[in-house]
Amino acid sequence: MGHTWWHHRDGDTATPAGQGESGTRGGPGGGQRRQGRGQRRQWGSDRAPARPFLRAREGAEPLGRAARSVARVANALRALRAPPRPGDTVGLLVGNEPRFVWGWFGLAALGARPAFLGTALRPAGLRHCLRGCGARALLVADDLFGSVEPLLPGLREDGVAVWVLGAGPYPEGAVALQELLDAASEELQPEDVWEPGDMNDTCLYIFTSGTTGLPKAARVSHLKAIMCLSFYELVGASSKDVVYLALPLYHMAGSLLGIVGCLGIGATCVLKEKFSASQFWEDCRAEGVTVFQYIGELCRYLVNQPQRPAERQHGLRLAVGSGLRPDVWRSFQRRFGPVRIVETYGMSEGNVTLFNYTGTPGAVGRCSFIYKLFSPFKVVRYDVAAGAPERDRNGRCIRARTGETGLLIAPVTARTPFLGYAGSRELSEQKLLRGVFTEGDEFFNTGDLVEQDREQFVRFRDRTGDTFRWKGENVATTEVTEALLAHESLQDATVYGVTVTGHEGRAGMAALVLRPGRSLDGPGLYRHLERLLPPYALPRFLRLREGLDMTETFKQQKVRLARDGCDPELVAEPLFVLDEAARAFVPLDAERWQRLRHGRIRI
């Protein structure tokens, strides 16, 4: 919950700050310091401090010990010569381990705004992120200090202090915190815990995944963080559950939905440093896992694993997440048993959330009239060629018909705000649409193309930047990808558009990973796709790869592939082209490429 967080008292019961009476304003962050205990909502008075909270490689962390660890970090930071002040932004660079949580909540208790940093960032990207969110300091784990050390001179120039969760010694410009941590009190008094004056203020930053460019720092409000306490309750989990979490904590799904969601219901979180498909079911049995928080790719990794005799011998009852393709959904349940799946939709900076409670494969939500009162949205027609919503002659957006793919947008109001991004206002303005239906209205542009059917199911179709136009038709990359992966020889695929000399629009191209021991059957794959796709949607080019590049949140990296194009003189990997006369995909060599470029081969 990002804002003022832990203190423990009265028998070590952990308590979320910010739930009591108001005090006096103080500090540049516009917050308040608590005056007296007041009435606080504890993590349930029935939740004993010995209750398991985290299980990780480092061991089990009961709730009471977790509260003491948070207090130590907060008090150690407070003891610095120049401690973080309310309103300061502090970068947090820690892996998937308990210290991420202690650092996050410890900073929040002081009124600082943590900015969650990706652990795979290179020095240039790391400095970009710190500058983008206006960080005054960086709190980094000792095992990740190596990625920061080359930046020390530049960070000194930027006025960014570096605090290391370790004993050192470290070079000049980095402060070792271990001595301060060892000496720090394990208690936080109520008056020492900061709380916000406005629940819509920024409490932390989460960076976008950067699949199409440099990451942007999305603002997350105190209110949004607080609302995440109810996430697992909404999807049917309870305090009796054990949740398996291997998603990166520096993204919303791992931190706000995973960690805060577990705190909200009092569940135990099994926190993994990385996801291992081969180890998953063994971990589930060993830890008594009942709930799995997924990204769609994780489920695909599991169904692609060799079958094992004991893979249905588990206690998993619920899987919740986003991005699960219908074919993988069905395969997962068919193979691993009747696990209930709840698909959700949302984004760090967004103001619309969807849930698919019904278990209907392929839908990200089902939205009745009543649901839209709480999370309103519209679907409007989108012009792929123009890269913008279609507007009528009065300049207003046009609602998409039932069953028609359109752009998902959500009204920006006091109840459903859009806080935008840190840095240039232009970054936030790019996500807003105005004059959508009436003069002066304002909507958040999700950048997602969806379809809503007669039964009110909403299905994700594509990102606006991924859909491309070919032969006067819009091609949704997700539709083509699903068709490709329905072929038995293919293990993975990603689809994108490429420019070809002498042709309008962008031609479809697919990067493919074959299953072990399989080869590409050009005629067979053509026949397979012809049955599933309209003629204009068939990929014109194929590229065989050993694997596909992914972000750490398991999103495919398409930009570099699209930039590489389909020229065999520039791409070393095997390429194939659609030969309509032969009704097959055939090898694309230099001679065939030249004929294609000069219009002697039709695609």
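Here are the numbers for this structure:
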{"item": "Filter result for R72 (within 29 Å of P62 (Cα to Cα), outside the structural domain of A422 (by TED's automatic domain parsing) and under 21 Å from the mean Cα position of the chain (by Cα))", "result": "no"}
{"item": "Meets criteria (farther than 30 Å from T446 by Cβ, in contact with a helix residue (DSSP H, G or I) (Cβ under 9 Å, 6 or more places away or on another chain), assigned to a loop (DSSP other than H, G, I, E, B) and of a type in the set (A, V, I, L, M)) for A167", "result": "yes"}
{"item": "Every residue from region 241-297 that is under 12 Å from the mean Cα position of the chain (by Cα) and aromatic (F, W, Y)", "result": "Y250, Y294"}
{"item": "Single residue of region 521-567 satisfying the filter (surrounded by 20 or more Cβ atoms within 10 Å (Cβ to Cβ) and among the charged types (D, E, K, R)) that is modelled with the lowest pLDDT", "result": "K558"}
{"item": "Within region 521-603, strands (runs of 3 or more DSSP E) holding 1 or more residues that are under 17 Å from T499 (Cα atoms) and in contact (Cβ under 8 Å) with a residue 24 or more places away in the chain", "result": "541-544, 575-579"}
{"item": "Test for Y205: is it within 27 Å of R219 (Cβ to Cβ), surrounded by 15 or more Cβ atoms within 10 Å (Cβ to Cβ), hydroxyl-bearing (S, T, Y) and assigned by TED's automatic domain parsing to the domain that holds W102", "result": "yes"}
{"item": "Filter result (surrounded by fewer than 19 Cβ atoms within 10 Å (Cβ to Cβ) and either over 17 Å from D198 (Cβ atoms) or in the same structural domain as T477 (by TED's automatic domain parsing) (or both)) within region 413-427", "result": "G423, S424, R425, E426, L427"}
{"item": "Region 319-353: number of residues that are modelled with pLDDT of 95 or more and among the aliphatic types (A, V, I, L, M)", "result": "5"}
{"item": "R78 vs. criteria at pLDDT 95 or above and basic (K, R)", "result": "yes"}
{"item": "Segments classed as strands (runs of 3 or more DSSP E), wholly inside region 422-486, with at least 1 members that are small (G, A, S)", "result": "442-452"}
{"item": "Selection count, region 359-380, where residues are touching a residue at least 24 places away in the same chain (Cβ under 8 Å) and under 29 Å from R334 (Cα atoms)", "result": "8"}
{"item": "Close pairs from region 257-269: first more than 16 Å from V289 (Cα to Cα), partner of a type in the set (S, T, Y), Cβ under 9 Å, at least 6 apart", "result": "L257/Y232; L257/T344; G264/S230; G264/Y232"}
{"item": "G395 being assigned to a loop (DSSP other than H, G, I, E, B), surrounded by fewer than 18 Cβ atoms within 10 Å (Cβ to Cβ) and touching a strand residue (DSSP E or B) at 6+ places or on another chain (Cβ under 7 Å)", "result": "no"}
{"item": "Residue match in region 92-104 (condition: out of contact with any Asp or Glu (no Cβ under 6 Å at 6 or more places or on another chain) and at pLDDT below 95)", "result": "no"}
{"item": "Some residue of region 442-450 being in contact with a strand residue (DSSP E or B) (Cβ under 6 Å, 6 or more places away or on another chain), hydrophobic (A, V, I, L, M, F, W, C) and under 25 Å from P361 (Cα atoms)", "result": "yes"}
{"item": "Matching helices (runs of 4 or more DSSP H) fully within region 245-359 where at least 2 residues are surrounded by fewer than 21 Cβ atoms within 10 Å (Cβ to Cβ) and of a type outside the set (K, R)", "result": "280-287, 296-303, 326-336"}
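Table: residues versus (1) surrounded by fewer than 19 Cβ atoms within 10 Å (Cβ to Cβ); (2) not in a helix (DSSP H, G or I).
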{"residue": "A120", "(1), (2)": "yes, yes"}
{"residue": "L126", "(1), (2)": "no, no"}
{"residue": "R131", "(1), (2)": "yes, no"}
{"residue": "A135", "(1), (2)": "no, yes"}
{"residue": "L139", "(1), (2)": "no, yes"}
{"residue": "F145", "(1), (2)": "no, no"}
{"residue": "P171", "(1), (2)": "yes, yes"}
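The values are calculated or read from the model by the stated rules, or taken from the named source; none is laboratory data. As the structure is a prediction and not an experimental result, all values here were calculated from the model. Note that we place each Cβ from the backbone using ideal geometry, even for glycine, and neighbour counts take in every protein chain shown.
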